[in-house]
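The values are calculated or read from the model by the stated rules, or taken from the named source; none is laboratory data. All figures in this text were calculated on a predicted structure; none of them were measured in a lab. Every residue, glycine as well, gets a Cβ built from its backbone with ideal geometry; the counts of neighbours run over all protein chains shown. Surface accessibility is based on the protein's heavy atoms, side chains included, excluding ligands, DNA and RNA. Shrake-Rupley method; radii C 1.70, N 1.55, O 1.52, S 1.80 Å.
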Amino acid sequence: SSTSFLGDTGLATKTQYNYMIAGINATGVGGNSTAAAATTYGVPDAINDLALGPTSSTMTLTWSAPTVYGFPITGYKIERESPVGGGYSTIVADTGTTTTSYVNSGLSSFTQYGYKVTAITSFGNSATSNEPSAYTVTDAPVLNVVNDCYHACTTQLNLEWTAPTGTITGYKIEHNVNSGGYATLVANTTNT
């Protein structure tokens with residue numbers, strides 16, 4: 001009798017099936033073999049921990065590789081949404097690597113961006129990841145003038161700066177004395 005069976009069909013993908021085999025002879029069914037398990041192939045699970053790390057002109061995306069079912073991940077598709085709610089566009093069709101991070105550069109400061117990532121295998125792509133969004137941070141103000149007090153600078157110094165990009169609701173001002181450590185002079189100018 002044959003020692004193989006090629007016919008357990010119609011199974012669900014990404015599902016574990018357990019098997020035991022027993023021999024049959026003229027006296028009946030013998031003892032069961034030890035159990036063996038196998039999982040059917042399928043697309044990877046969706047990424048569920050996509051996180052964003054913004055600077056003023058970049059967004060660093062990080063995630064964990066999802067569980068795969070028979071076919072290794074060969075790359076990731078990365079999509080970006082800006083403005084958020086305006087629909088996604090593909091910024092990388094296939095990273096071609098299993099690296100689980102990506103830096104999206106050349107972004108505008110103080111702008112909200114949304115992202116989603118899809119794992120790619122030769123069997124097919126995973127469902128898309130969670131879809132976090134974050135604002136890039138505002139760029140730094142440019143301090144233009146210190147000491148513009150028209151010759152009355154014995155007890156007062158005046159500051160003037162160029163505002164950074166985006167809507168600013170206040171400024172934190174720090175100073176130090178004779179190159180010591182910086183201390184907060186004004187925590188928020190809107191409160192003064």
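General observations
- Averaging the sequence gap over all C-alpha pairs within less than 8 Å and six or more residues apart, then dividing by the number of residues, gives the chain a relative contact order of 16 percent.
- Under Karplus coefficients 6.51, -1.76 and 1.60, residue-wise ³J(HN,Hα) of region 23-35 in Hz, glycine/proline x: x, 10, 9, 4, 8, x, 8, x, x, 6, 6, 5, 6
- Tyr69 long-range amide H proximity, modeled H, under 5 Å: Gly42
- Partners for Lys77 among aspartates and glutamates (Cα-Cα distance below 12 Å; same-chain residues under 8 apart left out): Asp94
- Where region 24-159 is the region considered: accessible area per residue in Å², 1.4 Å probe: 56 Å²
- Shape summary: region 62-105 maps onto an equivalent ellipsoid whose semi-axes, from the alpha-carbon gyration tensor, are 23, 11, 10 Å in decreasing order.
- Computed packing ranks the peptides 61-69, 26-34 as 61-69, 26-34, most packed first, by mean other Cβ atoms within 10 Å.
- Of the peptides 41-54, 107-120, the order by per-residue mean of other Cβ atoms within 10 Å, starting with the highest, comes out as 107-120, 41-54.
- Phi to ³J(HN,Hα) by Karplus 6.51 cos²θ - 1.76 cosθ + 1.60 over region 54-64, Hz, x for Gly, Pro: x, 10, 6, 9, 9, 9, 8, 9, 9, 7, 9
- The 1.4 Å probe gives accessible areas that order Ser122, Ser1, Ser129, Ser101, largest first, as Ser1, Ser122, Ser101, Ser129.
- Cα-based Kirkwood hydrodynamic radius, region 1-59, one decimal, Å: 16.4 Å
- Here the 3J(HN,Hα) profile of region 132-141, calculated from phi with Karplus coefficients 6.51, -1.76 and 1.60 at θ = phi - 60°, is x, 9, 7, 8, 5, 6, 6, 6, 7, x Hz, Gly and Pro shown as x.
- Taking amide hydrogens as placed 1.01 Å from N in the peptide plane, the amide H of Thr55 sits under 5 Å from those of Thr60, Val137, each at least 5 positions away in sequence or on another chain.
- Whole-angstrom Cα spans of region 1-107 along principal axes, big to small: 79, 23, 22
- For the chain, the equivalent ellipsoid derived from the alpha-carbon gyration tensor has semi-axes of 64, 18, 12 Å in decreasing order.
- Taking the accessible area of the chain, probe 1.4 Å, and keeping the other protein chains in place, the carbon and sulfur fraction comes to 52%.
- Protection proxy ranking of 179-186, 92-99 - average other beta-carbon atoms within 10 Å, highest first: 92-99, 179-186
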